[in-house]
Amino acid sequence: MGSSSPQLHIFFFPLMAQGHIIPVIDMAKLFASRGLRTTIVSTPLNAQLHSNKIQRIKDMGIEIEVVLIKFPASEVGLPEGCESSEMATTPEMQQKFFKATTMLENQLERLIHEHHPHCLVADVFFPWATDVAARFGIPRLVFHGIGFFSLCASLSVLMNKPQKKVLADSEPFDVPKLPDEVKLTRNQLPTYAEGNGDTEFSRLFKEGKESELKSYGVIVNSFYELECAYADHYRQVLGRKAWHIGPISLFNKTIGKDNESRGMEASIDCHDDDQYCLKWLDSKKPDSVVYVCFGTMSKFNDSQLLEIAEGLEASGQNFIWVVRKDKAEELRKEEWLPEGFEKRMEGKGLIVRGWAPQVLILDHEAVGGFVTHCGWNSTLEGVSAGVPMVTWPMWAEQFYNEKLITQILGIGVGVGAKKWARLVGDSVKREAVEKAVIRIMVGEEAGEIRSKARGLGKMARRAVEEGGSSNSDLNSLIEELRSLGSST
Ligand code: UDP
């Protein structure tokens, strides 16, 4: 595109879920920092939640526009204002939430008609967006928010149905036609893995996979060196056109210091100060603190929270433990904590009730381990920070991510979660928490795991630098979009 050509304009349309919106805002910032015009399609509540972050980006001189659509919550029987997947706290509400996402087509069409973007990057859960883009003659790119390994493994399960070959839900089967031998059980598979269309979600899952081939291509938040065999497999064997441009959160750092809250503002008990955790960490020795966080969706019951508390205490390690605010508020009396827990843990453990500045915590030199639910953003953030992980997958594609972390990369150990359970997670005993935390922090193999994790962290940083694999793939994607843009 010559200097007289119009500025290339990309529309980003993430699923209304924080784990999808956060990397998309980072992505919009990344593209805008390369001179493209970027617009995020959001809903009033989500736009409000992220307004501070967007403002900080604008303050850096990087222009991101936000345009609004109305989320049809009441039309599907959800309370007005229930505009984000985290707010749909029961399986029934989740069904309604995903139903509502299928009703956004007209609004997206109107916005594209008004704003004339050259390209639409839309979430995998909007399979119909490919047709909308086609009506305007613009390419649609799919954004999954997951990595190559789970893209390949979930496609293998969908296409080959290996889970049908075993008799019991706990009997392991091979996930076929992958670069490595990977075993799973039916218990660990998402309920929608077969895409059998019995729920809104499984229908969307199947259509989303199909839209990979119908769309112009796929943007993957990963880097080549992390899962090269699977990046190759996805492109060469499964035939998907894909660009890897991650870790997007790390790319962010090359543009400006903006990882503070990754969305919401941090909240630490009565200390409403982003910096409180970091100051607390400053007083600790390198690699002496384990960070415990289960993403934006998980909902543990009281007895599980108690097991975690006991396990952390028994491990003898320093910790920062994030408990979601709705849970903490719901249980004002904090019956989920063992008697006298916080008093005993003073100086040793910090409970964050609500939202923690995760990326900054992980990057702090005092943090030497991460207990994670294996959400893909958290996984990549742990990899980027070079910290060993305790894997505690719960739902979505998290059991696949666990395999990548523990078996393929060897940078973590499993806590022993055996059963996929939407939002609530499988129950895990305190002894298992204690044992796994000790293994990654001070156990016999801790040194080896740490050095592997550090090595990958370095590779992640190199990938986003000038000449690195993700930086180069981002350049080629932008070049390709520019050449398409100039021909439309
Ligand atoms: N996150 C955060 N602070 C929190 C909880 C979550 O910054 O207290 C961020 C985290 O850094 C990650 C995202 O929220 O970027 C969670 O995404 P992930 O894919 O790991 O999990 P999900 O919430 O989608 O299950």
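Read the figures in this text as sums done on the coordinates, not as results from a lab. Note that the coordinates shown come from a computational prediction; the quantities given were computed from them, not determined experimentally. Methodologically, a virtual Cβ is constructed for each residue, glycine included, from the backbone with ideal geometry; neighbour enumeration extends over all protein chains shown.
Short-range pairs are left out: with C-alpha atoms under 8 Å and at least six residues apart, the relative contact order of the chain is 15 percent.
Among DSSP beta bridges lying fully in the chain, give the percent that are antiparallel, nearest 5. Roughly 5 percent of the DSSP beta bridges within the chain come out antiparallel. Annotation for the range 357-429 versus the range 142-175: alpha-carbon center distance of 19 Å. Tally Lys and Arg at +1 and Asp and Glu at -1 over the other residues with C-beta under 11 Å from the C-beta of Ala231: what net charge comes out? Cβ neighbours under 11 Å give a net charge of -2. In the range 358-488, Cα pairs under 8 Å separated by at least six residues give a relative contact order of 22 percent.
Karplus-derived 3J(HN,Hα) values for the range 32-49, using 6.51 cos²θ - 1.76 cosθ + 1.60 with θ = phi - 60°, are 5, 5, 9, x, 8, 8, 10, 10, 9, 8, 9, 10, x, 5, 5, 4, 5, 4 Hz; glycine and proline are entered as x. Remark: the Cα gyration tensor places the chain in the rounded category, a/c being less than 1.5. Other residues whose C-beta falls under 12 angstrom from the C-beta of Cys119 contribute a net charge of +2, scoring Lys and Arg +1 and Asp and Glu -1. Were the residues from Lys177 through Glu342 laid out at 0.36 nm apart, the gain over their Cα-Cα distance would be 54.5 nm.
About the centre of its Cα atoms, the range 343-452 shows a dipole size close to 460 debye [charges on the beta carbon of Lys, Arg (+1) and Asp, Glu (-1) only; nearest 20 debye].
Given a Förster radius of 45 Å and the C-beta distance between Ser74 and Ser283 as r, what FRET efficiency does 1/(1 + (r/R0)^6) yield to the nearest 0.05? Here the calculated transfer efficiency is 0.35.
Over all projection directions, the Cα-based convex hull of the range 5-140 averages an area of 8.0 nm².
Within the chain, the longest run free of trypsin sites (Lys or Arg not before Pro) that sit in a DSSP loop with at most 10 other Cβ atoms within 10 Å is 1-256.
The slack between Glu444 and Glu210, meaning 0.36 nm per residue of separation minus the straight C-alpha distance, is 79.7 nm.
Once the Cβ-Cβ distance of Lys418 and Leu158 is raised to the sixth power relative to R0 = 22 Å, the FRET efficiency obtained is 0.50.
Projected label points at Met60 and Ser476, each 7 Å from Cα along the beta carbon direction, are separated by 2.6 nanometres.
Partner lysines whose Cα lies under 30 Å from the Cα of Lys161, excluding those fewer than 8 positions away in the same chain, are identified as Lys96, Lys99, Lys177, Lys183, Lys206, Lys209, Lys214, Lys241, Lys299, Lys403, Lys418, Lys419. Relative to the first principal axis of the alpha-carbon coordinates of the chain, what is the inclination of helix 446-464, with its axis defined by its Cα atoms, in degrees from 0 to 90 and to the nearest 10? The answer is roughly 20 degrees. A Förster distance of 22 Å, applied to the separation of the beta-carbon atoms of Ala134 and Met103, puts the FRET efficiency at 0.65. Taking a straight Cα-Cα cut-off under 17 Å and skipping sequence neighbours fewer than 8 places away in the same chain, the lysines within cross-link reach of Lys285 are Lys348. Here the simple spin-label model places points 7 Å from the Cα toward Cβ, and for Glu114 and Asp169 these points are separated by 4.7 nm.
Only helices enter the 222 nm calculation for the chain: every DSSP H run of n ≥ 4 contributes -39,500 (n - 2.57), and dividing by all residues gives -12500 deg cm²/dmol, rounded to 500. Ignoring aspartates and glutamates fewer than eight residues from Lys165 along the same chain, the ones with Cα atoms less than 18 angstrom from its Cα are Asp174, Glu181, Glu194.
Using the Cβ of Gly457 as centre and a radius below 14 Å, the other residues enclosed give a net charge of +1, where K and R count +1 and D and E count -1. Can you list which of the GluC sites (Glu not before Pro) found in the range 335-422 are DSSP loop residues with at most 12 other C-beta atoms within 10 Å? Passing sites in the range 335-422 are Glu335, Glu339, Glu346.
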